[in-house]
Amino acid sequence: MQHIAKTRHLDRSVGGFTIHYREAGRRSSTGVVLLHGSPSSSFSFREIVPVLGADHYVVAPDMPGFGFSDAPEPDEFEYTFEHLAEIVEEFVADIGLERYVLYVTDFSTPVGYYLATRHPDRVLGIVVQNGNVHEAGLGEAWDTTRRFLDDPSPENRAALPEWLNFEGTRDTYLGGVPDRLVPLYPRESWHLDWERLSQHLDAHFQLFCDYRSHIQRFPAIAEYHRKNQPPCLVLWGRHDIFFDIAEVLAFNAVLDRLEVHVYDGGHFLTESHGAEIAAAVNTFVHDVRESVDA
């Protein structure tokens, strides 16, 4: 029988903003930090937190503009990945975490890698789930976006696909997913995301525009991998329409301690494979902590 811990739903003031977060397990200076993608929230880790909490201290914050955390207007808050990382970093320090395994996915990947490159001694290991830090992952689907990020002209913006709407939010979950897998995805996930996203479209577009800064950091991230060799677990939904599966092999080019699991799922893999991911991450965290404590 699988042991699980009760999830606590809490709020904390960080940098003048209220950050909502889920946590489980006995509070400790060593634990696990789960960072959600866009336009989701810590809700995406609802199956993961209680499993990890049985053995570890685990926290999953809603980043500003997402979930139940504050969502200041763009003229009051700079929606960049670096700024979100500063808030997350302050949050992690405020709850007393000194060392942690970091889980990143989608738009939290640039956020998490700011934390890792700034303080590599704090990050014991990294779990990357359908997140991109190499050119290899930016396939043909990114051609239009790359043109806009390089030259945000009205013409290039007009060429962008419409995604900041309900249909685009739903497709973040179901895009590329075979019909046989669609019943695994609960509809409330994208309905809840759109309810929040629809109130802050300008903020989310500003964050999207900052992805160019993340691409520019690829060499720095590669150097972090080469120099620090963090233990890494890559979890991938092979039907992802946003990031090419070639991204998985790119991690293998430089990392010595790499474990890879490819699942029959889409971009938001925790929706369809929550139990499998929880088990894989739990084992990974145990292995990392044992190697650190040895």
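For (1) surrounded by 21 or more Cβ atoms within 10 Å (Cβ to Cβ); (2) within 23 Å of Leu235 (Cα to Cα); (3) modelled with pLDDT of 95 or more; (4) not hydroxyl-bearing (Ser, Thr, Tyr), each residue gets a yes or a no:
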position: Val58; (1), (2), (3), (4): yes, yes, yes, yes
position: Met63; (1), (2), (3), (4): yes, yes, yes, yes
position: Pro72; (1), (2), (3), (4): no, no, yes, yes
position: Tyr79; (1), (2), (3), (4): yes, no, yes, no
position: Glu89; (1), (2), (3), (4): no, no, yes, yes
position: Pro110; (1), (2), (3), (4): yes, yes, yes, yes
position: Leu115; (1), (2), (3), (4): yes, yes, yes, yes
position: His119; (1), (2), (3), (4): no, no, yes, yes
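Given the criterion closer than 26 Å to Arg118 by Cβ and within 19 Å of the chain's Cα centre (by Cα), identify the matching residue among Val254, Val248, Val262.
Working: Val254 fails: within 19 Å of the chain's Cα centre (by Cα); Val262 fails: closer than 26 Å to Arg118 by Cβ.
Testing whether each residue is closer than 26 Å to Arg118 by Cβ and within 19 Å of the chain's Cα centre (by Cα) leaves just Val248.
Report, by residue number, each residue of the range 248-294 that is in contact (Cβ under 8 Å) with a residue 12 or more places away in the chain and of a type in the set (D, E, K, R).
Asp256, Arg257, Glu259, Asp264, Glu271, Glu276, Asp287, Arg289 - these are the residues of the range 248-294 that are in contact (Cβ under 8 Å) with a residue 12 or more places away in the chain and of a type in the set (D, E, K, R).
A quick yes/no check of all residues on (1) outside any loop (DSSP other than H, G, I, E, B); (2) surrounded by fewer than 21 Cβ atoms within 10 Å (Cβ to Cβ); (3) at pLDDT below 95:
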{"site": "His214", "(1), (2), (3)": "yes, no, no"}
{"site": "His225", "(1), (2), (3)": "yes, no, no"}
{"site": "Pro230", "(1), (2), (3)": "no, yes, no"}
{"site": "Ala250", "(1), (2), (3)": "yes, yes, no"}
{"site": "Val262", "(1), (2), (3)": "yes, yes, no"}
{"site": "Ala275", "(1), (2), (3)": "yes, yes, no"}
{"site": "Ala280", "(1), (2), (3)": "yes, yes, no"}
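Only one of Asp210, Asp244, Asp240, Asp202 is in contact (Cβ under 8 Å) with a residue 60 or more places away in the chain, surrounded by 17 or more Cβ atoms within 10 Å (Cβ to Cβ) and within 20 Å of Phe66 (Cα to Cα). Can you tell me which? If you could, list the steps in order and put the result at the bottom.
Details: Asp244 fails: within 20 Å of Phe66 (Cα to Cα); Asp240 fails: within 20 Å of Phe66 (Cα to Cα); Asp202 fails: surrounded by 17 or more Cβ atoms within 10 Å (Cβ to Cβ).
Unique residue meeting the criteria: Asp210.
Checking Gly176 against (1) among the small types (Gly, Ala, Ser); (2) surrounded by fewer than 19 Cβ atoms within 10 Å (Cβ to Cβ); (3) within 21 Å of Val254 (Cα to Cα); (4) in contact with a strand residue (DSSP E or B) (Cβ under 9 Å, 6 or more places away or on another chain), only one condition comes out false. Which one?
(3)
Cβ-Cβ distance below 7 Å, separation of 6 or more or different chains: which pairs start in the range 223-235 with a residue that is at positive phi and end on one that is among the aliphatic types (A, V, I, L, M) and surrounded by fewer than 21 Cβ atoms within 10 Å (Cβ to Cβ)?
What qualifies is Gln229/Leu255.
Return the total of residues in the range 1-30 being part of a loop (DSSP other than H, G, I, E, B) and acidic (Asp, Glu).
Initial filter on the range 1-30 (part of a loop (DSSP other than H, G, I, E, B)): 1-7, 15-16, 25-29.
Within this subset, residues satisfying the condition of being acidic (Asp, Glu) are none.
Selection size over the range 1-30: 0.
Check Glu155 against each of (1) part of a helix (DSSP H, G or I); (2) touching a helix residue (DSSP H, G or I) at 6+ places or on another chain (Cβ under 9 Å); (3) free of Cβ contacts under 8 Å to residues at least 40 places away in the same chain and name the one condition it does not meet.
It fails just one condition, (2).
Could you grab me the full set of residues in the range 158-169 that are free of Cβ contacts under 8 Å to residues at least 24 places away in the same chain and in a helix (DSSP H, G or I)?
Within the range 158-169, Ala158, Glu167, Gly168 qualify.
Could you run through the range 121-143 and say how many residues are modelled with pLDDT of 95 or more and in a helix (DSSP H, G or I)?
Within the range 121-143, the subset modelled with pLDDT of 95 or more is 121-138.
Retained after the next criterion (residues that are in a helix (DSSP H, G or I)): 135-137.
Final tally of qualifying residues: 3.
Would you mind finding the one in Val51, Val88, Val33, Val59 that is assigned to a strand (DSSP E or B), of a type in the set (A, V, I, L, M) and out of contact with any Asp or Glu (no Cβ under 7 Å at 6 or more places or on another chain)?
Unique residue meeting the criteria: Val33.
Output the residues belonging to the range 191-212 that are over 13 Å from Pro39 (Cβ atoms) and part of a helix (DSSP H, G or I).
Quick first cut of the range 191-212, residues over 13 Å from Pro39 (Cβ atoms) only: 202, 206, 209-212.
Those that are over 13 Å from Pro39 (Cβ atoms) and part of a helix (DSSP H, G or I): Asp202, Gln206, Cys209, Tyr211, Arg212.
Determine whether the range 135-147 contains at least one residue that is more than 23 Å from the chain's Cα centre (by Cα), more than 23 Å from Phe45 (Cβ to Cβ) and touching a residue at least 24 places away in the same chain (Cβ under 8 Å).
No, the conditions are met nowhere in the range 135-147.
Regarding Asp151, is this residue surrounded by fewer than 17 Cβ atoms within 10 Å (Cβ to Cβ) and either in contact with a strand residue (DSSP E or B) (Cβ under 7 Å, 6 or more places away or on another chain) or of a type outside the set (A, V, I, L, M, F, W, C) (or both)? Break it down stepwise before answering.
Details: surrounded by fewer than 17 Cβ atoms within 10 Å (Cβ to Cβ): yes; either in contact with a strand residue (DSSP E or B) (Cβ under 7 Å, 6 or more places away or on another chain) or of a type outside the set (A, V, I, L, M, F, W, C) (or both): yes.
Answer is yes for this residue.
The values are calculated or read from the model by the stated rules, or taken from the named source; none is laboratory data. Predicted, not measured: the structure shown is a model, and the values here were computed from it. Every residue, glycine among them, receives a Cβ derived from its backbone with ideal geometry; neighbour counts consider all protein chains shown.
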